[in-house]
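The structure under discussion appears below in the form of structure tokens.
FYI, it's all coordinate maths here, none of it is from the lab. These numbers come from a predicted model, not from an experiment. Reconstructed Cβ throughout: ideal geometry from the backbone, glycine too, with neighbour counts over all protein chains shown.
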Amino acid sequence: MQDMNLYTIRAVPFADVRSIRRHTPAFGWQYIIVVLSSGLAFPPLYFYNGGVREFVATVKQHVVLLRSAEHANVFLVNDFQNPLQRTLSSLELPRAVSLSIVPSTPVSGGESASQENGERTDVDVLDGSPSIRQFYRRERQKVHDPARDISMQLLEKFSLVTKFAREATSQLFWETPSNAFSLFERGSSNLSAIDSSQKPRDDVLELPVPVPPDPLELDKLSLAWGKPRQPPLGLEEWATFLDSEGRVVDSKALRKRIFYGGVEHKLRKEVWEILLGYQSYESTYAEKEYQRSNRKTEYEIIKNQWQSISPEQEKRFTKFRERKGLIEKDVVRTDRSISFYGGDGNANLSFLHNVLLTYSFYNFDLGYCQGMSDLLSPILFVMEDESESFWCFVALMERLGPNFNRDQNGMHSQLFALSKLVELLDAPLHNYFKQKDCLNYFICFRWILLQFKRELEYDQTMRLWEVLWTHHLSEHLHLYVCVALLKRYRGKIIGEQMEFDTLLKFINELSGHIDIDVTLRDAEALCLCAGENGSACIPPGTPPSLPREDGFLFNSELDDTVL
Amino acid sequence: MAHRVDHEYDYLFKIVLIGDSGVGKTNILSRFTRNEFCLESKSTIGVEFATRTLQVEGKTVKAQIWDTAGQERYRAITSAYYRGAVGALMVYDITKRQTFDNVQRWLRELRDHADSNIVIMMAGNKSDLNHLRAVTEEDGQALAEREGLSFLETSALEATNIEKAFQTILTEIYHIISKKALAAQEAAASTAIPGQGTTINVTDTSGNTKRGCCST
């Protein structure tokens, strides 16, 4: 009987699934093997026309899929062995929690068909798969037809605009709502719950403080608005964006493509030069080569400005000594754990040093600031050439230079915009920060200053940066990334009643624990959902917007105040 | 989570690390709180802190040590950094004269931003690099005396005097606070100002209380 069952395609709740093993041989049929928590493994499920990758991507939208450390082709489903994941599961992440808490109800055969069919790549995210059904289970008792799904999306957008708070999934666990409308009313005034529970934090072991509902539940929002991430742009596809002489034909389409998947590493050099603006989209291969050679000469000239300073002159040149000293100190502690910069006498360290010192002459007013070596490091890693790195860094600093201004105005304007965005996208969280005197958002200082360089693994940093540089959707996607992360952890932050110091520590310690694909999707959803209201939160000229000569100004009043 | 395990303490003291970039603030912090040292540790961006709980004259003291970038450029965000700090370890590098010369600037910075009763200790770090020494111990001692600071030469690499430096600061803070508490007790019986009774519970949720202890 059991054996019979094994060979029948039937619905399996994700809660029962331990892992999925993927087999995608170069020749022959692809298949997957589903292993249940009980240890029972299903026989291979063949995908006769490919689609395993899409299948995994689709599953990823609905459950937490972790690649096994032992085997690259094994994906662990909702694996909360890892402490961070466990922590996450204690938050109000609907998909994770619903799977572990809601008793597993096998879904009906009709629904499972879409899951078993490997061909399905573009699943309607709101109405797609068993886990989604489960995730919305309680609501779906009332809500079933597709028209209602669309209205739900609209409602989400509407609730944002009107700042109506929406029911958070956490609510499901605090109280069982009787009707949808009472939730809307309750949401907006739920902050009193925090005020009344000023218990000493030390008593806090679990999450005793009711967390005000998230007006825009991140998971639902991301499913509704964020598109699944794509594989990085590869060589073949890249060629389709170019004409015979190497010009990018449709820069908008290219930027969009990169936004959703990034770029394969071997293409990065070529693509980054364009994204950063060092090379133009319209340049032919020949023009790019010409630019390279011109710029190389120019670089050497600027570099020579400091190289020609004699020891005697240096003695009398305090400013130069100071800068050089700072750069020397930082170069030897920049990404030394990466083999590219590791070991003694590594030539790449001298390249870092040379580019930074040359930049401090090129932009003498700004000079060298700590953090710049972090921004240059991935660029040099990709370019593997001093002059090219220098000019790409110059282009990057055109945008991020204000982060390092002496008066810190670039940082302040971004932190201010961030606070406005949080206010727009999560009023209860904003109020919480206000109550805790954290509205300066210093907790996010490092995130913004270094564009998450210190928070992510090296390759993830490169992925994030190329996505940010596309400026698809917004020049300020990084701020939405901040909001996405804060929202992701809002339950923990508010639930544990974090103060400025604990919050700072918590945020700092997120470093290395951020899943950039999930976060980007959240950020995209938030950005789309915020729409023009979001853009209005960000004052013109806020980095990384270029200084305003080519910015489009639609608000003449603001224009005047600047003049 | 790990950061809320140790909450059994009598006092919480916030101490800031200051000094030029590259003098070894972060390694002093990691040596003291985790007994770790890393030659290639990254430059500090923004603000970080770590804690360690230890005994000071029979009391359990949780030391919260704050670390920030040395570069002057980032001073704009340091208001939050100094808020509530009751101690400061001002660090220079004995192999770099400039970092010693800048001590005066750091003192000014403290006077401008920190509580006026903040306990300051000066540390000449990297004493393991004696062969590269650019500041004599006597110079350090003399400056410390002139400015009324405690002073030690330290080595985070060799773990020399790190423990002692913090013990010294913490003990000094504890003495001041006990005296305040005593004074408050004598003068008190009145309203519920911070520090009534013999024990001042300076918890990490009450920056103001801490300030009260030192400045009132």
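Any idea how far the Cα center of the stretch A:254-297 sits from the one of the stretch A:355-397, in Å?
Each part's Cα centre sits 17 Å from the other's.
Go through the stretch A:17-22 residue by residue and turn each phi into a ³J(HN,Hα) via Karplus (6.51, -1.76, 1.60, θ = phi - 60°); whole Hz please, and just put x for glycine and proline.
Result, rounded to whole Hz: 8, 8, 8, 10, 9, 10.
Which cross-chain or sequence-distant (5 or more) residues have an amide H under 5 Å from the amide H of residue A:75, H modelled 1.01 Å from N in plane?
A:20, A:21, A:22, A:68
So what's the stretch A:409-537 giving for Cα Rg divided by 2.2 N^0.38 Å, two decimals? Write out the running numbers ahead of the final one.
Details: Rg = 13.6 Å, N = 129, 2.2 N^0.38 = 13.9 Å.
Rg over 2.2 N^0.38 Å, computed on Cα atoms: 0.97.
Measure of size requested: the Rg and Dmax of the stretch A:284-403, with Cα atoms as the atom set and Å as the unit; please supply both.
Values for the stretch A:284-403 (Cα only, Rg and Dmax): 14.5, 47 Å.
How do B:149, A:449 rank when sorted from fewest to most other Cβ atoms within 10 Å of their own Cβ? Could the numbers behind the result be given before it?
Details: B:149 18, A:449 27.
If I rank by nearby Cβ atoms, fewest first, I get B:149, A:449.
Could you give the distance between the Cα centres of the stretch B:75-151 and the stretch A:473-492, to the whole Å?
Centre-to-centre (Cα) distance: 38 Å.
Pick out, from B:68, B:165, B:144, the residue whose Cα sits farthest towards the positive end of the charge dipole of the stretch B:2-182, with +1 on the Cβ of Lys and Arg and -1 on the Cβ of Asp and Glu.
The residue sitting most towards the positive pole is B:68.
Positive end of the charge dipole of the stretch A:284-403 (Lys, Arg +1 and Asp, Glu -1 on Cβ, about the Cα centre): tell me which of A:318, A:370, A:357 has its Cα farthest that way.
The residue sitting most towards the positive pole is A:318.
Can you give me the relative contact order of the stretch A:409-537 as a percent, contacts being Cα pairs under 8 Å and 6 or more apart? Mind showing how you got there, number by number?
Working: 114 pairs, mean separation 44.5, N = 129.
Over the stretch A:409-537, the number comes to 35 percent.
Might you report the magnitude of the Cβ-based charge dipole of the stretch A:284-403 about its Cα centre, with Lys and Arg at +1 and Asp and Glu at -1, to the nearest 20 debye? Can you show the working numbers first?
Details: 15 positive and 18 negative charges, 77 e Å.
I would put it at about 360 debye.
Mind checking the dipole of the stretch A:409-537: about its Cα centre, +1 per Lys or Arg Cβ, -1 per Asp or Glu Cβ, Debye to the nearest 20?
Numbers: 13 positive and 17 negative charges, 47 e Å.
Around 220 debye, computed over the stretch A:409-537.
Return the lysines within reach of residue A:256: Cα separation strictly under 24 angstrom, same-chain partners fewer than 8 residues apart disregarded; answer none if there are no such residues.
Reachable lysines: A:60, A:157, A:220, A:227, A:266, A:269, A:288, A:453.
Tell me the relative contact order for the stretch B:2-182 as a rounded percent, counting alpha carbon contacts under 8 Å between residues six or more apart.
24 percent
Between rounded, prolate and oblate, where does the stretch B:2-182 land on the alpha carbon gyration tensor, with a ≥ b ≥ c its root eigenvalues, rounded for a/c under 1.5, else prolate if a/b exceeds b/c?
Working: a/c = 1.39, a/b = 1.31, b/c = 1.06.
The shape class here is rounded.
Computed FRET efficiency, Cβ-Cβ of residue B:59 and residue A:347, R0 45 Å: what is it to the nearest 0.05? Please list the in-between numbers first.
Values: r = 54 Å, r/R0 = 1.20.
E between residue B:59 and residue A:347, to the nearest 0.05, is 0.25.
Once you keep just the Cα pairs under 8 angstrom separated by 6 or more residues, what percentage relative contact order results for the stretch A:289-437?
On the way: 108 pairs, mean separation 30.2, N = 149.
Relative contact order comes out at 20 percent.
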